[in-house]
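The values are calculated or read from the model by the stated rules, or taken from the named source; none is laboratory data. Being a predicted model, the structure only gives us computed values, none of them experimental. When we count neighbours, we look across all protein chains shown, and the Cβ atoms used for this are built from the backbone with ideal geometry, even at glycine.
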Amino acid sequence: MISGKALQTAISNLTIWRKGDQRAPHKPLLLLYVLSEYQKGHERLFNYGEEIHPQLLELLNSFGPQRRGHYPAMPFWRLRSDGFWDLQNTELCTPQKGNKEPPKRELIEYGVMGGFDQEAYQLIHSKPSLINKLAEQILSEHFPESIQELIANRLDFLLHDIRKTRDPHFRQSILRAYNYQCAICGYNLRHDSTPVGLEAAHIKWKQYGGPCSVNNGLALCSLHHSAFDMGVIGIDDGMKLLISEGVNGSQIVERLFWDFAGQSILLPKNAEYYPHDKFVEWHRGQVFKS
């Protein structure tokens, strides 16, 4: 019988597609969706065409990088090489060389099913608290805090331990460098001497090797921090604000976003603390959704 620790280790050691430091959250998002359904009492296996494809595609469009297209079949098929994932009804499928997935059409036509294998499923079925622990692990290993909360809310997970990894020195250094105001809108509410709703955002995420250095951070109000991590806003090479074409809403959205489009962000007085070009470029390529 597999242990909880062994399953956690296997999930930490997922084989994830790598090309430089490009984002590939396909397997993490698939596992989060499956765990959320197990939490609601779903049986072990999921039908790819009816359940996995539409749900995972929606999650990838929301929380994945901007791509011409996303391919939910890839993680669904390739997860079986990670040691705890099972596929059924694959006999008629024609996978390509290596572990490459068969066409989406075949997965749907032949009713391919997938999910945790019997041992892993029995383990989490007997220890329901492990589901949330695994979800927290996946979120903390692949997404920044603001996105962790959005995904957790979408999939009905409760977060408890994620913030243990927060670096208080990073926040303090960033807020001080930016004179305790949002680099986008200048928000600087304090209660006596305590900043309220002001946060330190990583430009290049820690999960992709971004350092906790001042030139990899921005002081942002909680609204613009969430928008920055979701790719709603970005920064160009001239340190001016970019707004995704998908942004829409009422007049308050116009004032909080479009009114700042093309304007220079508020920068530290010390030029050594300015956002580094390589981190800004990573965010623009891997997070910002033009």
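Quick one: would you say residue 262 is touching a Lys or Arg at 6+ places or on another chain (Cβ under 8 Å) and modelled with pLDDT under 95? It would help to see each step written out before you state the result.
Values: touching a Lys or Arg at 6+ places or on another chain (Cβ under 8 Å): yes; modelled with pLDDT under 95: no.
No, not satisfied.
For segment 51-65, state whether one or more residues are touching a helix residue (DSSP H, G or I) at 6+ places or on another chain (Cβ under 9 Å), of a type in the set (Phe, Trp, Tyr) and closer than 19 Å to residue 113 by Cβ.
No: zero hits.
Looking at segment 188-282, what strands (runs of 3 or more DSSP E) fall wholly within it and have at least 3 residues that are touching a Leu at 6+ places or on another chain (Cβ under 9 Å) and of a type in the set (A, V, I, L, M, F, W, C)?
On the way: elements: 198-202, 217-221, 233-235, 241-243.
Qualifying strands (runs of 3 or more DSSP E): 198-202, 217-221.
Residue by residue through segment 238-249, note down the ones that are exposed (fewer than 14 other Cβ atoms within 10 Å of the Cβ) and modelled with pLDDT under 95.
245, 246, 248, 249
From the residues in segment 68-110 that are among the acidic types (Asp, Glu) and in a loop (DSSP other than H, G, I, E, B), which one is nearest to the chain's Cα centre (by Cα)?
So in segment 68-110, the residues among the acidic types (Asp, Glu) come out as 82, 86, 91, 101, 106, 109.
Filter once more, so that each one left must be in a loop (DSSP other than H, G, I, E, B): 91, 101.
Values: 91: 34, 101: 23 Å.
Only one residue tops the list, namely 101.
On the given criteria, is residue 134 at pLDDT 90 or above, farther than 19 Å from residue 81 by Cβ and assigned by TED's automatic domain parsing to the domain that holds residue 92? Don't jump to the end; show me each part of the working.
Working: at pLDDT 90 or above: yes; farther than 19 Å from residue 81 by Cβ: no; assigned by TED's automatic domain parsing to the domain that holds residue 92: yes.
Considered against the rule, which asks whether it is at pLDDT 90 or above, farther than 19 Å from residue 81 by Cβ and assigned by TED's automatic domain parsing to the domain that holds residue 92, residue 134 comes out as no.
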